[in-house]
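Take a look at the structure below.
The values are calculated or read from the model by the stated rules, or taken from the named source; none is laboratory data. A quick note: this is a predicted structure, and the numbers were derived from the prediction, not measured. In this analysis, Cβ positions are derived from the backbone assuming ideal geometry, glycine residues included, and neighbour counts consider all displayed protein chains.
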There are 2 protein chains.
Amino acid sequence: MSRFDLVAFDADDTLWHSEDSFHAGEQRFVELLTPYAPAGVDVKAALTAVERANLRTYGYGVKAFGLSAVEAAISISGGTVPNEVIGAILAGVRAQLSEPVRLLPHVAEVLAALSGTVPLALITKGDLIHQTHKIETSGIAHHFAHVEVVLEKDPPTYARLLSEVGVAPDRFLMIGNSVRSDVLPVLALGGTAVHIPYPLLWELEHVDHDEHVVELASITQVPGWLSATT
Amino acid sequence: MSRFDLVAFDADDTLWHSEDSFHAGEQRFVELLTPYAPAGVDVKAALTAVERANLRTYGYGVKAFGLSAVEAAISISGGTVPNEVIGAILAGVRAQLSEPVRLLPHVAEVLAALSGTVPLALITKGDLIHQTHKIETSGIAHHFAHVEVVLEKDPPTYARLLSEVGVAPDRFLMIGNSVRSDVLPVLALGGTAVHIPYPLLWELEHVDHDEHVVELASITQVPGWLSATT
């Protein structure tokens, strides 16, 4: 019936809000650090530079952000940032890891409708404990035949996942908000991908490319798009 | 030939050294913090208490340790710990995440011998990026038919993994250094488990129990034990 044997969704900013919390955390960091930064220092750019330098060591997620933020606070302030500010950064990390899942509009109803027609998977990268906590408390986990938290969403990772579940790349559809992580690596394998943008995108997820990318405005358009392409 | 369809190994302190680095990190923390702690404060106990309080939020691994260590440094010192000390804690975290894998003696040869007789799996908990990095650089990854980094090693997690690979619990053997994580949950499912102690065990891995546990002194005894139980 479907031309796909597996339809996979990204999670952060595709099924539930995520980047807005990181964005708020960055803004809080800028407010906290600005009094201790030399005049003319771009606090936000310095934080991102530390995150970028640590990406291969720390990976993705809130704990990685927290460690980089403390490091950046010390370096931006020239070693003068008070303990209270570092404590506030850590409190923000714990709050973000504990905050309830906030599903994007219509996600639950679209997944419920689709899950009756084709096997669904959830493929997300990030911090294992945080992503698992979000998946378990999301109320939508039961719609997914497969749930995978991966380190990096690159072609080898997608190829390994598809091999494990026995799905050919040309029978695989990936849906997500990141062209870099959800679209390009799947197209590279000969799969199909749909991009559903989220209003915010982390700077380190930006990518330049010249691929033709299918873009939908909302998850509510996925069932209609699937019917039209079958 | 084997009475098992899958033989799985834990990784940290079963295949390679791990706890000794955490232990060194704790000792460094105690040395760094003691000058800023009120007289009579047990710095190590205070650190462990913070780790315990954060375990459900941060999970296992070096990044979790780092965030808890910074938090503990601030609270133990009453907000007086210098930026240099916090910077040293963070530098230790990055160094631990980047240090080369140090295999335990005879691991490579035992895995090479066993992998020809029965499918092997590696099941580890901890930080996704750190464990993946260690597995990829260990030089022994090719011996494993399945590699799983999980959030918690409890009976539901083992049951899910066994179901995914289609192995009955009574045909499953787990080998590891933690009675709490590698032995008791597998016995609870009706599987078989072998305990190979490591000289150091993290305080939060200690468990009281009255199960009969098979204990071997070294991984070199696994092939002989397997032959004797077949």
Just checking, does segment A:55-66 include any residue being buried (at least 18 other Cβ atoms within 10 Å of the Cβ), farther than 21 Å from A:L151 by Cβ and hydrophobic (A, V, I, L, M, F, W, C)? no
Restricting segment A:57-72 to residues that are farther than 15 Å from B:A91 by Cβ and facing chain B (nearest Cβ under 9 Å), the residue that is modelled with the lowest pLDDT: A:Y60
For A:L161, which of the numbered conditions (1) part of a loop (DSSP other than H, G, I, E, B); (2) crowded, with 19+ Cβ neighbours inside 10 Å fails to hold? (1)
Looking at (1) surrounded by 18 or more Cβ atoms within 10 Å (Cβ to Cβ); (2) over 16 Å from the mean Cα position of the chain (by Cα); (3) closer than 14 Å to B:I76 by Cβ, which one does B:E51 not meet, given that it meets all the others? (2)
Note down all Cβ pairs under 6 Å where the first residue falls in segment B:181-201 and is in contact (Cβ under 8 Å) with a residue 60 or more places away in the chain and acidic (D, E), the second is crowded, with 17+ Cβ neighbours inside 10 Å and part of a loop (DSSP other than H, G, I, E, B), and they're at least six residues apart or on different chains. B:D182/B:D10
Can you name the residue in segment A:98-147 that is part of a loop (DSSP other than H, G, I, E, B) and polar (S, T, N, Q) and, of all such residues, is nearest to the other protein chains (Cβ to nearest Cβ)? A:S138
Can you tell me which residues in segment B:133-185 are under 16 Å from the mean Cα position of the chain (by Cα) and of a type in the set (A, V, I, L, M, F, W, C)? B:I135, B:V147, B:V149, B:V150, B:L151, B:M174, B:I175, B:V179, B:V183, B:L184
Mind listing just one residue for me: the one in segment B:23-45 that is hydrophobic (A, V, I, L, M, F, W, C) and surrounded by fewer than 18 Cβ atoms within 10 Å (Cβ to Cβ) and, of those, farthest from the chain's Cα centre (by Cα)? B:A39
Report yes if some residue within segment B:168-177 is closer than 20 Å to B:S21 by Cα, surrounded by fewer than 20 Cβ atoms within 10 Å (Cβ to Cβ) and touching a helix residue (DSSP H, G or I) at 6+ places or on another chain (Cβ under 7 Å); otherwise report no. no
